[in-house]
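Right, one structure below, let's go through it.
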Amino acid sequence: MKKVELIFVPAPATGHLASTVEFAKRLLCRDDRIRPDGIQLIELPQVDLPSLDPKKSLESFLDVFVQCYIPPVRNAVRDIVSMRCSLGETRVAGLVLDLFCSPMIDIATDFGLPSYLYPRSVSCDPEHLIPGFVNPVPSRALPSAAFCKDGGYTTYVKVAERFKDAKGIIINIFEELEPYALNYFSNDQNPPLYPIGPLIELNGLSYSDSDDKVMKWLDDQPQASVVFLCFGSMGSFKAPQVKEIAQGLEQSGFRFLWSLRVQSTQNDASEMLPEGFLETVQGRGMICGWAPQLTVLAYKALGGFISHCCWNSILESFWFGVSIVTWPLYAEQQLNAFKMVKELGLAVETRLNYRKDSDEVVMIDEIEKAVGMVMDGGNEVRKKVKEMSEIARKSVMEGGSSFNSIGKLIEDMIGNN
């Protein structure tokens with residue numbers, strides 16, 4: 001039997017790229033019928049892009065970005081398909097497209113190839129009674145783009161409309177995490193769903209020399225005693241919020257590791273902290289500019305995780321059994337926070353509707369309360385997260401739900417041509 005090859009088209013964002021690469025690696029390790037030459041990166045030619053209009057949403061710009069890259073992606077697919085046909089040893093089995101690359105389904109169709117969408121988590125339409133959710137979703141928990149009249153809402157609708165044209169939808173979840181949503185969408189009206197997660201780059205459990213101070217500090221902390229604050233590559237705050245976080249941590253009395261980034265490039269982060277704060281928390285708290293999140297979460301010292309609730313971070317917290325405090329900032333993170341707190345009961349809430357571009361401030365008492373709850377060893381959320389951690393790990397082992405799902409995906413991909 002000929003070897004098969006898949007063409008992946010990810011969105012140009014760090015979290016999307018990392019998850020896509022990990023998915024491709026898992027496919028390669030799973031089945032030797034998939035082309036064994038590893039992952040080949042194809043550099044596309046640059047195209048002229050319109051300038052980012054500050055009045056329009058980031059989602060609308062991403063839609064334009066994807067549309068501009070349809071011709072070079074089409075050319076790249078044409079060249080790959082032509083080369084494989086001429087050599088006769090390998091055939092292209094399909095395109096795996098990021099959520100925002102759904103317009104490129106037409107490229108796959110033009111070359112007679114099936115397309116598979118990879119939205120990473122279960123998606124939905126922007127309505128209050130949302131399919132796949134048990135509880136009504138309040139407006140405050142919807143992504144900002146759902147309210148954006150300058151392209152954001154339109155982009156979401158355009159993306160969602162193409163789902164039905166895909167051969168399958170690949171999701172970075174495991175069946176036991178969201179059975180209600182999976183059952184709801186598993187019908188003849190929708191493409192097949194393949195829950196294949198959690199996809200986590202465990203080879204990334206390393207750190208550089210610059211992180212050595214942080215790791216040594218964690219080594220010296222008691223088990224489950226540290227709350228970790230990390231808000232992703234775009235997670236920064238203005239001075240008033242930095243001060244509230246600092247005082248909330250101080251008053252909580254718990255040990256903490258805080259990856260602190262501020263929005264102003266002119267200010268040193270430490271200058272925005274309350275006077276005397278560093279001296280007061282010396283020994284039980286550490287502040288760093290950047291921290292290797294995955295490596296930190298793996299430490300036994302971790303007892304809680306204050307997170308912006310991107311899907312990758314949520315899955316990483318499940319894997320290591322560390323409970324989350326929800327602090328969403330942008331994109332679909334408000335909806336993720338709602339899902340974690342209200343739907344699944346697997347997180348502690350600060351705010352479900354906090355948005356980075358607003359002037360609202362989470363206050364000292366809210367932060368102190370949330371830290372106390374997530375660090376309470378008897379908290380029901382902590383128990384449930386530990387149980388979900390075991391389930392997540394079993395799901396990717398032989399015989400597990402995600403192991404079986406990825407096997408079915410491979411068989412369907414190979415059998416479609």
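Summary of values
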read-out: Under the Karplus curve 6.51 cos²θ - 1.76 cosθ + 1.60, θ = phi - 60°, whole-Hz ³J(HN,Hα) for the range 346-357, x wherever Gly or Pro sits; value: 10, 8, 9, 9, 9, 9, 8, 10, 5, 9, 4, 8
read-out: Sequence-distant aspartates and glutamates (8 or more away, or on other chains) whose Cα lies within less than 19 Å of Lys243; value: Asp268, Glu271, Glu275, Glu279, Asp357, Asp359, Glu360, Asp365, Glu366, Glu368
read-out: The chain, relative contact order in percent, only Cα pairs under 8 angstrom and at least six apart counted; value: 16 percent
read-out: Percent accessible area from carbon and sulfur atoms, the chain, protein chains only, probe 1.4 Å; value: 52 percent
read-out: Modelled FRET efficiency - R0 22 Å, Val64 with Asn190, Cβ distances, 0.05 increments; value: 0.20
read-out: Probe 1.4 Å, all protein chains present, accessible-area order of Cys230, Cys29, largest first; value: Cys29, Cys230
read-out: Built amide H within the under 5 Å cut-off of Asp98, gap 5+; value: Val9, Ala11, Tyr118
read-out: Residue with peak Gaussian network fluctuation, the chain [Cα springs, cutoff 10 Å], from Cys85, Cys148, Cys288; value: Cys85
read-out: Extension gain from Arg74 to Ile42, taking 0.36 nm per residue of separation minus the Cα-Cα distance; value: 10.3 nm
read-out: Per residue, in Å², the accessible surface of the chain once ligands and nucleic acids are set aside, probe 1.4 Å; value: 47 Å²
read-out: Peptide ranges 302-312, 163-173, 96-106, 217-227 listed from the most packed, as the mean C-beta count within 10 angstrom indicates; value: 302-312, 96-106, 163-173, 217-227
read-out: Global size of the range 3-118 as Cα Rg and Dmax, reported in angstrom; value: 15.0, 50
read-out: Under the Karplus curve 6.51 cos²θ - 1.76 cosθ + 1.60, θ = phi - 60°, whole-Hz ³J(HN,Hα) for the range 373-380, x wherever Gly or Pro sits; value: 5, 6, 8, 6, x, x, 5, 4
read-out: Cut-off under 5 Å, modelled amide H: who pairs with Ile130 long-range; value: Val137
read-out: Top positive-direction residue, dipole computed over the chain with Cβ charges, set Leu177, Pro138, Cys309; value: Leu177
read-out: Hz values of 3J(HN,Hα) by residue in the range 247-258 - Karplus curve (6.51, -1.76, 1.60), Gly and Pro given as x; value: 5, x, 5, 4, 6, 5, x, 8, 5, 8, 10, 10
read-out: All lysines inside 21 Å of Lys342 as judged from Cα atoms, apart from same-chain residues fewer than 8 positions distant; value: Lys369, Lys383, Lys384, Lys386
read-out: Shape metrics for the range 263-417, restricted to C-alpha atoms - Rg then Dmax, Å; value: 18.8, 67
read-out: Expected 222 nm ellipticity per residue - DSSP helices of 4 or more, -39500 (n - 2.57), all of the chain, to 500; value: -11500 deg cm²/dmol
read-out: Stretch gain in nm, segment Glu360-Met397, where the contour uses 0.36 nm per residue and the Cα spacing is subtracted; value: 9.0 nm
read-out: Gap separating the Cα centres of the range 341-393 and the range 297-337, nearest whole Å; value: 9 Å
read-out: Rh by Kirkwood over Cα pairs, then Stokes-Einstein D for the chain at 0.890 mPa s and 25 °C, µm²/s; value: 108 µm²/s
read-out: Extension gain from Asp32 to Gln282, taking 0.36 nm per residue of separation minus the Cα-Cα distance; value: 84.7 nm
read-out: Cα-based reach from Lys164 at 16 Å (exclusive), listing aspartates and glutamates while leaving out same-chain residues under 8 positions away; value: Asp98, Asp106, Asp125, Asp188
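The values are calculated or read from the model by the stated rules, or taken from the named source; none is laboratory data. All of these numbers come straight from a predicted model, not from anything done at the bench. Positions of Cβ are generated from backbone atoms using ideal geometry, with glycine treated the same way; all protein chains shown enter the neighbour counts. Areas reflect the complete protein model, heavy atoms only, side chains present, ligands, DNA and RNA absent. Shrake-Rupley method; radii C 1.70, N 1.55, O 1.52, S 1.80 Å.
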